[in-house]
Amino acid sequence: MAASQLQNPLKTPSSQLSIKKHKPCFLKPRRLTVSAAHPHLNGRKLRVAVIGGGPAGSSAAEALASGGIETFLFERSPSTAKPCGGAIPLCMVDEFSIPHHLIDRHVTKMKIISPSNLTVDFGSKSLRAHESIPMLRREVLDAFVRNRAESAGAQLIPSLVTHLEIPSSSLSPYIIHHTVNNSRKTLAVDVIVGADGANSKVAKFIKAGNYTCAIAFQERIRLPDEKMEYYQNLAEMYVGNDVSPDFYAWVFPKCDHVAVGTGTVCGKQDIKMYQQGIKQRVKNKIKGGKVIKVEAHPIPEHPRPVRVRGRVALVGDAAGYVTKCSGEGIYFAAKSGRMCGEGIVRASEGGEWMISEDDLKREYLMEWDKKYVSTFRFLDLLQRVFYGSNEAREALVEVCGSEYVQRMTFDSYLYKKLAKGDGWEDLKMVFATFGSLMRCKIVGRDMAAFNL
């Protein structure tokens, strides 16, 4: 394709691009010392393409546009959303200004059910009066944050990105090839934020390396009114080899239905068998229900080896920001997108200067790792300890019967920081955990011998 045919906004006046102008609304750039390698962008603003319009991409686009950056938000299918349990931490509602009318349910009770059907009520006593776990539908949340990014000044491009041309120099543009209504188009930008999920094309184009993926499978089931009443403010988690060899299964309430699903890394080829396992465990509770939607999606198990390369940064699932043990990703997707967008605004001083790989690593990646790497490592450890066998899962459920354990869990989950506990209570919790693990392994061995 001839150079003249490229839609190159780096050489096109803003007035010809139909981009709305908005003043930065919540971010003051931090003054940086800029060298000759970071030229001033005379006559235009830094241009950034965000690829992927979920919580990660839309949060990045909103921060960028609000901070004075000329922002393009690519989303190939605005009318659909990633399959997801839909739980978000309480702190996200205020931090990301999520309107309460978007929330389907406020879960105040949870049940954790072991392989032997030992059931622990989780939250009925340990949640404070004002606390709950908000449940929503991803299609509702995604549309809201995407519309908000547009209102901040981001230009939404409903298009499939097909190829990315990597520049040959630190100042040359990235060329994004994409299709709109079967028409091929190109766009040149200074910086790219990859927010296009676990199977990220952006990650492949920049050779960011692979990671292990789990698969999540769920069915949305509309229940009779009397059955739905049971799940009005209740969520259930099931563990056991029958529902997943290395994760958990769930029943989460939505507006007028429940999501029943499971996930696994090592047993992906048997995911439908595990889905039948959870449906068997809850068959009496969902009897008479009608399946209205079936969904499946890959979920990253750990961060990618490379999350920043050149002037490209990965966020959300594309970066691998889903926690072990809980499988949570919505908050970390939105948070990483916002942190990346704000970092770009700071590094470019509100879009006035070109940025580099070092800027992205300093302003985004280092800040992210400093804030969250310990959380990811801790949850990875918990999954290794408690999800490897039915005996360990029995111990997990037993330990969760402690009110102190529940309070510490909710403080960490609801407010997204590792809770500071009481030293003596922590020590008792450690001994109780070891005791449960030892006892359940002995019981499991005896049961196995009995079955033989």
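Does GLU226 fit the bill of being open to solvent by 10 Å² or more (accessible area, probe 1.4 Å) and without any contact (Cβ under 8 Å) to a residue 40 or more places away in the chain? Outline the logic, then answer.
Details: open to solvent by 10 Å² or more (accessible area, probe 1.4 Å): yes; without any contact (Cβ under 8 Å) to a residue 40 or more places away in the chain: yes.
Yes: the conditions hold for GLU226.
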Completion exercise
When restricted to LEU171, LEU118, LEU90, the only residue in contact with an Asp or Glu (Cβ under 7 Å, 6 or more places away or on another chain), open to solvent by 40 Å² or more (accessible area, probe 1.4 Å) and assigned by the TED database to the domain that holds TYR238 is LEU118
Problem - Residue in the stretch 263-305 that is modelled with the lowest pLDDT, counting only those that are in contact with a helix residue (DSSP H, G or I) (Cβ under 8 Å, 6 or more places away or on another chain) and of a type in the set (Val, Ile, Thr) - result: ILE299
Exercise for the section: For PHE410, state whether it is out of contact with any strand residue (DSSP E or B) (no Cβ under 8 Å at 6 or more places or on another chain), buried (at least 19 other Cβ atoms within 10 Å of the Cβ) and modelled with pLDDT under 85. Expected result: yes
Exercise for the section: Report yes if TYR231 is in contact with a Leu (Cβ under 8 Å, 6 or more places away or on another chain), touching a residue at least 24 places away in the same chain (Cβ under 8 Å) and under 23 Å from GLY277 (Cα atoms), otherwise no. Expected result: yes
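Under the condition of being within 21 Å of the chain's Cα centre (by Cα) and hydrophobic (A, V, I, L, M, F, W, C), which residue from the stretch 207-228 is farthest from ILE271 (Cα to Cα)?
First pass over the stretch 207-228, keeping only residues within 21 Å of the chain's Cα centre (by Cα): 208-220.
The next check asks that each one be hydrophobic (A, V, I, L, M, F, W, C); those that pass are 208, 213-217.
Values: ALA208: 28, CYS213: 13, ALA214: 10, ILE215: 8, ALA216: 8, PHE217: 7 Å.
Among those residues, the one meeting the criterion is ALA208.
Okay, residues lined up against (1) in contact with a Ser or Thr (Cβ under 7 Å, 6 or more places away or on another chain); (2) over 30 Å from ILE355 (Cβ atoms); (3) buried (at least 24 other Cβ atoms within 10 Å of the Cβ); (4) not assigned by the TED database to the domain that holds LEU223:
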position	(1), (2), (3), (4)
PHE247	yes, yes, yes, no
THR262	yes, yes, yes, no
CYS266	no, yes, no, no
VAL282	no, yes, no, no
GLU301	yes, yes, no, no
ASP317	no, no, yes, no
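The values are calculated or read from the model by the stated rules, or taken from the named source; none is laboratory data. Keep in mind it's a predicted model, so treat the numbers as computed, not measured. Don't worry about glycine lacking a Cβ; one is built from the backbone with ideal geometry, like all the others, and counts go over all protein chains shown. Side chains are part of the model used for accessible areas, which takes the heavy atoms of the whole protein and leaves out ligands, DNA and RNA. Shrake-Rupley method; radii C 1.70, N 1.55, O 1.52, S 1.80 Å.
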